[in-house]
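Notes follow once the structure below has been shown.
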Amino acid sequence: MVSSSHPRVGVLEWGVKGVAGFRTDVNGKDWQALRERALTLDASDPLRSMRDRFYLPQGIYLDGNSLGLLSVDAEQAVLGVLETWKHSGIDGWSSEPDPWFSMAESCAKGVATLIGAKPSEVAVTGSTTSNLHHLLATLHKPRAGKRRVLIDALNFPTDVYAIKAHVANQGGDPERDLVWVDSRDGHLSIDDLLTQMRDDVGLAFFSSVLYQSGQRLPIAPIAARARSQGILLGVDLSHSIGAMPHALHDDQVDFAVWCHYKYLSAGPGAVAGLFIHERHHAVPPAFPGWWGSDKTRQFDMAPSFARAKGAGAFQQGTPHMLSLAGLAGVLPLFLDIGIDRIREKSLALTDLLMEGLEQLGALYPELQIGTPRAAEARGGHVALLHPHADRIAKALKEHGVTPDFRPPNIVRLAPVALYTQFADLVTTLEVLDRILRERLYEAHDAGRNVIA
């Protein structure tokens, strides 16, 4: 189901709907010049036709860093699995040209291209959290004098829960053995991080892009420092995969985990992925399962585990085909375009957005940008800081712009290279301008929605 080229599909006539018309001269600020520039960028955008492959909800969708939108390609792939199941039953596992039996390995090859890994170093399996537990239990064996674990204070909560549990399961004390890299105004100091990688640290785990602020961490120097100190390094790619390139093999990261449902648009709760550097492939998985078998012996049903070579050994149960199919369908879009071109447009989108937000910040001092301005220091989303961020997020959604809110004071805006237009961002700025100028957020209660 994963191929190197894709046929064109019919154009979906959705457009931007549900966004109220806003003046372009509020508070003396004229957005027309920025809009004209955005329209020029849209007209010359080499990726503009990709937008036609996605189902766009009404309004402007800027929550792709939480859940990417459905593509026609992913839809067709999921429907294809259903059709095969309907007509072929169990023969779907071997039906050509897309047998279910090899779909996970086929996807792993494509994902490896996106993250700078060898195919043998990647498995498409499990969930982000279950994969993290599995890799920690397999690779991290604390020893005397090197029991401490370094993580950052801005790490995604599920990673913290897993690491704390791992420390406790290894006989350690999370309160004593965790070393935290503190944040400075929502950012991490790379110098602080490198300094904390001391002789008593045995494991370090960070996110490639911080989920709150959108700060991008430079993995290469962190990995080099880890190697020099004998520290096992793990990375969470959940907020960067599909939005920017990585070089996990060459950087010699020890292991990594991620989800596929954000920028990669594989579907809600889609199957996740893991990376384990080839230098660790001799280590047997801590929690083996039959789908991690050598595929030539998968159905021997032998009592002894003949594990697959490389990361494939970390598969456990039978793949969830309907979850896997969405990734198999959308992945060729990313491979055909190339992750470098996707990153180029992503940076151009956030450049334009941050330029407009800086202009708004001059009008409304309480509004600040929490994302680094330098291109090499930011990921794919932009964080806005405001004392009423929760209410502003609700007001944006009421007026046709879908963001998300993260406590205590962050509105995240995530344009996605394959379906966000530059003009969408100017409209978003106009909407935000009016919300702040007229204090429209005061019509909403404080506190976040249950799901956002």
Checking Ala417, Ala423, Ala383, Ala377 in turn, the sole residue that is more than 21 Å from the chain's Cα centre (by Cα) and either among the small types (Gly, Ala, Ser) or modelled with pLDDT of 95 or more (or both) turns out to be Ala423
Out of the residues in region 268-297 meeting the condition of being in contact with a strand residue (DSSP E or B) (Cβ under 8 Å, 6 or more places away or on another chain) and part of a helix (DSSP H, G or I), tell me which one is farthest from Ser130 (Cα to Cα).
His280
Tally time: how many residues in region 360-374 are surrounded by 14 or more Cβ atoms within 10 Å (Cβ to Cβ) and in a helix (DSSP H, G or I)?
3
Checklist (1) closer than 30 Å to Val111 by Cβ; (2) crowded, with 23+ Cβ neighbours inside 10 Å applied to Gln421, failing item
(2)
Checking Ile90 against (1) among the aliphatic types (A, V, I, L, M); (2) assigned by TED's automatic domain parsing to the domain that holds Lys345; (3) surrounded by fewer than 23 Cβ atoms within 10 Å (Cβ to Cβ): exactly one of these is not met. Which one?
(2)
Looking at (1) closer than 27 Å to Ile410 by Cβ; (2) loosely packed, with under 13 Cβ neighbours inside 10 Å, find the lone condition where Asn169 falls short.
(1)
Quick one: how many residues across region 186-225 are closer than 22 Å to Leu135 by Cα and among the β-branched types (Val, Ile, Thr)?
4
Answer from His134, His140 - the residue that is crowded, with 17+ Cβ neighbours inside 10 Å, in contact with a strand residue (DSSP E or B) (Cβ under 7 Å, 6 or more places away or on another chain) and closer than 27 Å to Asp250 by Cβ
His140
Checked pairs for region 356-371, first over 17 Å from Thr427 (Cβ atoms) and outside the structural domain of Leu217 (by TED's automatic domain parsing), second small (Gly, Ala, Ser) and surrounded by 14 or more Cβ atoms within 10 Å (Cβ to Cβ), C-beta under 6 Å and 6 or more apart or across chains, list as Leu367/Gly361; Gly370/Gly186; Gly370/Ser213; Gly370/Ala383; Thr371/Ser213; Thr371/Gly214; Thr371/Ala383
Could you give every pair whose Cβ atoms fall below 8 Å, whose first residue belongs to region 31-48 and is within 13 Å of Thr420 (Cα to Cα) and touching a residue at least 60 places away in the same chain (Cβ under 8 Å), and whose second residue is among the hydrophobic types (A, V, I, L, M, F, W, C) and surrounded by fewer than 19 Cβ atoms within 10 Å (Cβ to Cβ), counting only separations of at least 6 or pairs across chains?
Leu41/Ala348; Leu47/Ile337
Expected output for region 409-434 (first residue free of Cβ contacts under 8 Å to residues at least 40 places away in the same chain and under 23 Å from His239 (Cα atoms), partner surrounded by fewer than 23 Cβ atoms within 10 Å (Cβ to Cβ) and of a type in the set (A, V, I, L, M), Cβ below 7 Å, 6+ apart or cross-chain) is Asn409/Leu385
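From the list Asp351, Asp300, which residue is in a helix (DSSP H, G or I), surrounded by fewer than 18 Cβ atoms within 10 Å (Cβ to Cβ) and of a type outside the set (Lys, Arg)? Give the derivation first.
Numbers: Asp300 fails: in a helix (DSSP H, G or I).
Just a single option satisfies the conditions, and that option is Asp351.
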If we keep only residues of region 303-320 that are out of contact with any Gly (no Cβ under 8 Å at 6 or more places or on another chain) and in a helix (DSSP H, G or I), then the residue surrounded by the most Cβ atoms within 10 Å (Cβ to Cβ) is Ala311
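The values are calculated or read from the model by the stated rules, or taken from the named source; none is laboratory data. Keep in mind that this is a model prediction, so the values were computed, not measured. FYI the Cβ positions are ideal-geometry reconstructions off the backbone, even for glycines, and counts take in every protein chain you see.
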